[in-house]
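Novice: Structure below; questions to follow.
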Amino acid sequence: MSTMKAVRIHAYGGPELLHYQDAPRPQPRPDDLLIRVRAAAVNPVDWKIREGALRGFLNHHLPLILGWDVAGTVVEVGPQATGFKVGDEVYSRPDIERDGSYAEYIAVKASDAALKPATLDHPHAAAVPLAALTAWQSLVDAAQLQAGHTVLIHAAAGGVGSFAVQLAKARGARVIATASAVNTGLVAELGADQFIDYTRTRFEQVVKDVDVVFDTIGGDTQERSWRVLKPDGILVSVVSPPPPAIAAAHGVRSAFVFIHPSGAQLAAIAQLIDEGRMKPIIHTVLPLSEARQAHVISQGGHARGKIVLHVAD
Ligand SMILES: NC(=O)c1ccc[n+]([C@@H]2O[C@H](COP(=O)([O-])OP(=O)(O)OC[C@H]3O[C@@H](n4cnc5c(N)ncnc54)[C@H](OP(=O)(O)O)[C@@H]3O)[C@@H](O)[C@H]2O)c1
């Protein structure tokens, strides 16, 4: 059996349980692409899974390769995989219940991949899929954000928020964004119309009558968000399911999004990126062997955009 370098967990717990080691190379299924990974990105779900917090929700077997963002080169195309050929440069948010992308190779269902944006190198492309799909499935699919709508985006400097601001602007919405003061310039550059430093201002004192709240924080932030919505507005959370009874009591709607892979949506996102209407923000790029450090940074809760793992040139 051929092997590869990968970062795996053999038990649930802290970042010290991430092991950079030899692992079996994945065997692609008939509808898979085998991808030579060039870069992977780190997302909060990675350390939530590492800690075992999603054990009752996701079907995982240990040892597990973490990481569900990838950019790389197709090296094998399954007999039932369509739309790609060996040598294609692709990106994907693969099935989260399979082994991930902190590895030299990953097998990905072809329909979960798209050609990577031509204008991005692999580390920047790897920073896109999971966070940008989350923004798309929350704002476009769940909230049905329209031109002229006003949207409040929490954690606008984070991985998901930085894409959400740009996507909302690309769709003609007015964007109110929260982050701390250090990120004022970044959030303005992304296109936000109004900035709120959440460390100094309670957003509910300066925001009202918005069409959409995008909740990437949960807890107290979600609770204080209900009152800023206009009647029949919608709160979309990707962190904790908003209770429908509370939404009804405020005369608004709510949705919880847990993202699903979509090569078709990644193709649309690649087009936006290649048109210069959206770009990934990179906090840092680390070698694959430093995945532990990447998790520590992500878990700190103040990444500015995405944390990327470089796997191969
Ligand atoms: N359900 C799903 O499918 C799904 C998909 C993707 C992500 N998620 C979840 O969504 C959450 C966000 O993900 P992410 O990748 O964007 O995380 P992230 O990149 O780690 O977010 C970090 C950002 O959060 C900001 N932040 C922290 N506390 C804040 C607050 N109280 N108000 C406003 N901003 C605050 C920080 O800004 P400052 O440094 O300026 O404080 C930082 O820029 C995570 O819990 C993740 O698991 C869920």
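Novice: If I go through the range 239-257 residue by residue, how many of them are under 20 Å from the mean Cα position of the chain (by Cα), closer than 16 Å to Gln144 by Cβ and either at pLDDT below 95 or in a loop (DSSP other than H, G, I, E, B) (or both)?
Specialist: Going through the range 239-257 one residue at a time, the tally reaches 1.
Novice: Return the residue satisfying two criteria in turn: it lies in the range 243-259 and is among the aliphatic types (A, V, I, L, M) and touching a Phe, Trp or Tyr at 6+ places or on another chain (Cβ under 7 Å), and of such residues it is surrounded by the most Cβ atoms within 10 Å (Cβ to Cβ).
Specialist: Once the filter is applied, the top-ranked residue is Val252.
Novice: Restricting the range 159-182 to residues that are of a type in the set (Val, Ile, Thr) and either more than 16 Å from the ligand (Cβ to nearest atom) or in contact with a helix residue (DSSP H, G or I) (Cβ under 9 Å, 6 or more places away or on another chain) (or both), which is farthest from Val210 (Cα to Cα)?
Specialist: Val160
Novice: Please go through the range 113-148 and pick out each residue that is assigned to a loop (DSSP other than H, G, I, E, B) and buried (at least 20 other Cβ atoms within 10 Å of the Cβ).
Specialist: Across the range 113-148, the qualifying residues are Lys116, Pro117, Leu120, Ala127, Val128, Ala143, Leu145.
Novice: Taking only the range 142-158 into account, find how many residues are within 12 Å of the ligand (Cβ to nearest atom) and farther than 18 Å from Arg277 by Cβ.
Specialist: 6
Novice: Kindly indicate whether any position in the range 62-77 is out of contact with any strand residue (DSSP E or B) (no Cβ under 9 Å at 6 or more places or on another chain), surrounded by fewer than 20 Cβ atoms within 10 Å (Cβ to Cβ) and not β-branched (Val, Ile, Thr).
Specialist: No.
Novice: I need the full set of residues from the range 13-38 which are charged (D, E, K, R) and either closer than 21 Å to Ile49 by Cβ or in a strand (DSSP E or B) (or both), in order please.
Specialist: Matches in the range 13-38: Glu16, Asp22, Asp32, Arg36, Arg38.
Novice: Hey, any hits in the range 208-224 for a residue that's touching a residue at least 60 places away in the same chain (Cβ under 8 Å), in contact with a Lys or Arg (Cβ under 6 Å, 6 or more places away or on another chain) and within 9 Å of the ligand (Cβ to nearest atom)?
Specialist: Among the residues of the range 208-224, not one is touching a residue at least 60 places away in the same chain (Cβ under 8 Å), in contact with a Lys or Arg (Cβ under 6 Å, 6 or more places away or on another chain) and within 9 Å of the ligand (Cβ to nearest atom), which makes the answer no.
Novice: Pick out the one residue from Ser298, Ser289 that is surrounded by 18 or more Cβ atoms within 10 Å (Cβ to Cβ) and among the hydroxyl-bearing types (Ser, Thr, Tyr).
Specialist: Only one candidate qualifies: Ser298.
Novice: Okay, moving on. Looking only at the range 292-311, how many residues end up being touching a Gly at 6+ places or on another chain (Cβ under 8 Å) and over 24 Å from Gly218 (Cα atoms)?
Specialist: Of the residues in that region, 2 qualify.
Novice: So for the range 70-84 (the condition being within 23 Å of the chain's Cα centre (by Cα), among the aliphatic types (A, V, I, L, M) and within 24 Å of Val160 (Cα to Cα)), does at least one residue qualify? Quick ask: steps written out before the conclusion?
Specialist: In the first step, residues of the range 70-84 are kept if they are within 23 Å of the chain's Cα centre (by Cα); the result is 70-74.
This time we only want the ones that are among the aliphatic types (A, V, I, L, M), so: 70-71, 74.
After this cut, where a residue has to be within 24 Å of Val160 (Cα to Cα) as well, the list is 70-71.
Yes, the range 70-84 contains a residue that is within 23 Å of the chain's Cα centre (by Cα), among the aliphatic types (A, V, I, L, M) and within 24 Å of Val160 (Cα to Cα).
Novice: Taking Ser262, is it surrounded by fewer than 18 Cβ atoms within 10 Å (Cβ to Cβ), out of contact with any strand residue (DSSP E or B) (no Cβ under 7 Å at 6 or more places or on another chain), among the polar types (S, T, N, Q) and farther than 18 Å from Gln166 by Cα?
Specialist: In short, no.
Novice: Show the residue pairs that are 6+ apart or on different chains and have beta-carbon atoms under 6 Å apart, the first residue being within the range 265-291 and touching a residue at least 12 places away in the same chain (Cβ under 8 Å), the second being part of a loop (DSSP other than H, G, I, E, B) and polar (S, T, N, Q).
Specialist: Asp274/Thr119
Novice: If the Cβ limit is 7 Å and pairs must be 6+ apart or interchain, which residue in the range 175-194 that is free of Cβ contacts under 8 Å to residues at least 24 places away in the same chain pairs with which residue that is among the basic types (Lys, Arg) and more than 9 Å from the ligand (Cβ to nearest atom)?
Specialist: Qualifying pairs under 7 Å: Asp193/Arg174.
Novice: While we're looking at this one, here's another question. Is it true that Ile282 is modelled with pLDDT of 95 or more and farther than 25 Å from Lys48 by Cα?
Specialist: Details: modelled with pLDDT of 95 or more: yes; farther than 25 Å from Lys48 by Cα: no.
When the stated conditions are applied, Ile282 does not pass them.
Novice: So how many residues does the range 254-313 have that are among the β-branched types (Val, Ile, Thr), out of contact with any helix residue (DSSP H, G or I) (no Cβ under 8 Å at 6 or more places or on another chain) and within 15 Å of the ligand (Cβ to nearest atom)?
Specialist: Counting residues in the range 254-313 that are among the β-branched types (Val, Ile, Thr), out of contact with any helix residue (DSSP H, G or I) (no Cβ under 8 Å at 6 or more places or on another chain) and within 15 Å of the ligand (Cβ to nearest atom) gives 1.
Novice: Which ranges mark the helices (runs of 4 or more DSSP H) fully within the range 154-235 that have 2 or more residues being among the polar types (S, T, N, Q)? Walk me through how you get there before you give the answer.
Specialist: Values: elements: 159-170, 184-190, 219-225.
The helices (runs of 4 or more DSSP H) meeting that bar are 159-170, 219-225.
The values are calculated or read from the model by the stated rules, or taken from the named source; none is laboratory data. Here the structure is a predicted model, which is why all the values come from computation and not from measurement. All Cβ positions, even for glycine, are placed from backbone atoms using ideal geometry, and neighbour counts span all protein chains on display.
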